[in-house]
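Trainee: Handing you this structure, nothing more for now.
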Amino acid sequence: MRAGRIAAAALAAGLACAGQASAQAVLQSKLLSAEAANAMVMGALAECQKSGYKVSAAVVDRGGNLLAFVRDPTAGPHTAESSRRKAFTAATFGMTSAAFTALTANPGAAGLKDLTGVFALAGGVPIKVGNDVIGGVGVGGAPGGEKDEACASAGLAKVADQLK
């Protein structure tokens, strides 16, 4: 009888643990909408155009996939790739691409610059909901990365109240 109770208790404990494990097997995540991504690239472009900068702007999701892109018709062709890679870098590392540039100045982290798709130039900003990175916005083409980053931040500000 006692052995039966022990076996039943062990079975119940095992089932409880299995239930907890399966509950943790499914994760929830927040996704950026196409509307928000489009608002960000258009906001970034408009901010740069106010200063006369000819740029491209890109938004990627948490996995680095392109969600939205816009290019000023007179921007250089290289700006398309640089804006996407800056957004990718910000999304991947959860920091601005300027901070990533500073990080990779450290010899111990310099090899990170060699990862496919990253770009160690200022102009990319992570998109966050709380502490969760859900994407990145990047701008390329302004005369200096700090100006690219300011435009990317202005694009992000267009939807900041919706990122909760």
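Read-outs throughout are calculated quantities, based only on the coordinates presented, and are distinct from any laboratory measurement. Remember, predicted model here, so these are calculated numbers, not experimental data. Cβ sites come from the backbone with ideal geometry, for glycine too, and all protein chains shown count toward neighbours.
Trainee: Only residues that are among the charged types (D, E, K, R) and without any contact (Cβ under 8 Å) to a residue 24 or more places away in the chain: list them for region 43-70, please.
Mentor: Hit for region 43-70 is 50, nothing else.
Trainee: Follow-up question, since we're still on this one. Output the number of residues of region 25-54 satisfying the condition of being assigned to a helix (DSSP H, G or I) and either under 21 Å from residue 130 (Cβ atoms) or out of contact with any Phe, Trp or Tyr (no Cβ under 7 Å at 6 or more places or on another chain) (or both).
Mentor: Restricting attention to region 25-54, the residues satisfying the condition of being assigned to a helix (DSSP H, G or I) are 34-50.
Of the ones still in play, those that are also either under 21 Å from residue 130 (Cβ atoms) or out of contact with any Phe, Trp or Tyr (no Cβ under 7 Å at 6 or more places or on another chain) (or both) are 34-40, 42-50.
So the answer is 16.
Trainee: Restricting the search to region 154-164, which residues are loosely packed, with under 13 Cβ neighbours inside 10 Å and not in a helix (DSSP H, G or I)?
Mentor: Passing the criteria: only 164.
Trainee: List every residue pair whose Cβ atoms lie under 7 Å apart, where the two residues are 6 or more positions apart in sequence or sit on different chains, the first residue falls within region 134-158 and is within 12 Å of residue 46 (Cα to Cα), and the second residue, located anywhere, is of a type outside the set (Ser, Thr, Tyr) and surrounded by fewer than 20 Cβ atoms within 10 Å (Cβ to Cβ).
Mentor: Cβ pairs passing all conditions: 158/39.
Trainee: Then there is this: Taking region 67-78 as the region of interest, how many residues are under 12 Å from residue 38 (Cβ atoms) and surrounded by fewer than 19 Cβ atoms within 10 Å (Cβ to Cβ)?
Mentor: Count: 1.
Trainee: Name every residue in region 111-151 that is more than 12 Å from the chain's Cα centre (by Cα) and within 15 Å of residue 68 (Cβ to Cβ), in order of residue number.
Mentor: Residues satisfying the conditions are 139, 140, 151.
Trainee: Scan region 127-153 for residues that are part of a strand (DSSP E or B) and either touching a His at 6+ places or on another chain (Cβ under 7 Å) or buried (at least 24 other Cβ atoms within 10 Å of the Cβ) (or both) and report the count.
Mentor: 7
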